[in-house]
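*Asks:* Starting off with a structure, shown below.
The values are calculated or read from the model by the stated rules, or taken from the named source; none is laboratory data. Since we're looking at a predicted model, the values are computed, not measured. Cβ atoms come from the backbone with ideal geometry, glycine included; neighbour counts cover every protein chain shown. What goes into the accessible areas is simple: the full protein's heavy atoms, side chains included, and nothing from ligands, DNA or RNA. Shrake-Rupley method; radii C 1.70, N 1.55, O 1.52, S 1.80 Å.
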Amino acid sequence: MRKCFAECLGTFALVFAGTGAIVINDVTNGGITHVGIALTFGLIVLSMIYAIGDISGAHLNPAVTTAFWLARRFPAQMVFPYILSQCLGGIAASVALRFLFPSHPNLGATLPAGSEMQSFVLELILTFLLMFVILNVSTGAREKGITAGIAVGAVIGLEAMFAGKICGASMNPARSLAPALVSGHFEHLWLYIVAPVLGAVLGIFAFRACCDSSRSSSPAQIPVP
């Protein structure tokens, strides 16, 4: 139970800080800046990895949890509780932001600047690269070493910095679902659910192609609570 609570709290922090930066940037006429938003996403993930990584693994992302399971590094019976906890945490964060900024139109929802196909491919590639990094700095379904949080936070900040203006750089179905549900913007939600999951799955194959079989088949190291 404490692992699910940690995932819920960690995803709350991710969505509250990340989409909160987008909302505050809008209401302050660019006071945060795009670079500031990207850094906020990267830094909050880095912080949560160090805060709850030893408790739950700090997945904070249904696509990451699904990929760990498909890679046989996470127990099947924990997939749904983790994903539900992540979604509930994200929704709670968006509800809090709606209370704080009731007039904001979309609460930082991810919306493509161009075509849906353009954003779909971008989200797929971004999540592919993210999952590849995560798999390489984790043991089982936990991050390893003091630099794991830096590596994961850095790749999220980097990808948000260069691609966020086009596709939103979600890479996370829970991050996109929460503001969409609370603000009522469902028109592009499908691509921010499907593309990250497909990208994370492709990241597994790239990881296995680069690593020996003992690493690619490491058992899950998060015990069932």
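*Asks:* Identify, from the list Pro105, Pro112, the residue that is open to solvent by less than 30 Å² (accessible area, probe 1.4 Å), in contact (Cβ under 8 Å) with a residue 40 or more places away in the chain, in a loop (DSSP other than H, G, I, E, B) and farther than 16 Å from Ala200 by Cα.
*Replies:* That would be Pro112, the only listed residue that is open to solvent by less than 30 Å² (accessible area, probe 1.4 Å), in contact (Cβ under 8 Å) with a residue 40 or more places away in the chain, in a loop (DSSP other than H, G, I, E, B) and farther than 16 Å from Ala200 by Cα.
*Asks:* For residues that are modelled with pLDDT of 95 or more and either hydroxyl-bearing (Ser, Thr, Tyr) or more than 18 Å from Pro179 (Cβ to Cβ) (or both), tally how many sit in segment 101-115.
*Replies:* 3
*Asks:* Hey, another quick one. Given (1) within 24 Å of Leu181 (Cβ to Cβ); (2) open to solvent by 40 Å² or more (accessible area, probe 1.4 Å); (3) out of contact with any Gly (no Cβ under 7 Å at 6 or more places or on another chain); (4) touching a residue at least 24 places away in the same chain (Cβ under 8 Å), where does Gln77 come up short, assuming only one miss?
*Replies:* (1)
*Asks:* Does Val133 count as assigned to a helix (DSSP H, G or I) and either modelled with pLDDT under 95 or open to solvent by 30 Å² or more (accessible area, probe 1.4 Å) (or both)?
*Replies:* Yes: the conditions hold for Val133.
*Asks:* Return the only residue of Leu189, Leu111 being touching a His at 6+ places or on another chain (Cβ under 8 Å) and aliphatic (A, V, I, L, M). Please lay out each step first, then the result.
*Replies:* On the way: Leu189 fails: touching a His at 6+ places or on another chain (Cβ under 8 Å).
Being touching a His at 6+ places or on another chain (Cβ under 8 Å) and aliphatic (A, V, I, L, M) holds for just one of Leu189, Leu111, which is Leu111.
*Asks:* Of all the residues that make up segment 143-163, how many are modelled with pLDDT under 95 and over 18 Å from Leu14 (Cα atoms)?
*Replies:* 4
*Asks:* Follow-up question, since we're still on this one. Check every one of the helices (runs of 4 or more DSSP H) wholly within segment 1-100 and list those with 3 or more residues that are among the charged types (D, E, K, R).
*Replies:* Where helices (runs of 4 or more DSSP H) fall fully within segment 1-100 and carry at least 3 residues being among the charged types (D, E, K, R), they are 2-27.
*Asks:* State all residues of segment 204-218 that are modelled with pLDDT under 90 and of a type outside the set (Asp, Glu); if no residue qualifies, say none.
*Replies:* Passing the criteria: Cys210, Cys211, Ser213, Ser214, Arg215, Ser216, Ser217, Ser218.
*Asks:* So, Ala51, is that one farther than 23 Å from Leu191 by Cα, among the hydrophobic types (A, V, I, L, M, F, W, C), open to solvent by 50 Å² or more (accessible area, probe 1.4 Å) and within 17 Å of the chain's Cα centre (by Cα) or not?
*Replies:* Answer is yes for this residue.
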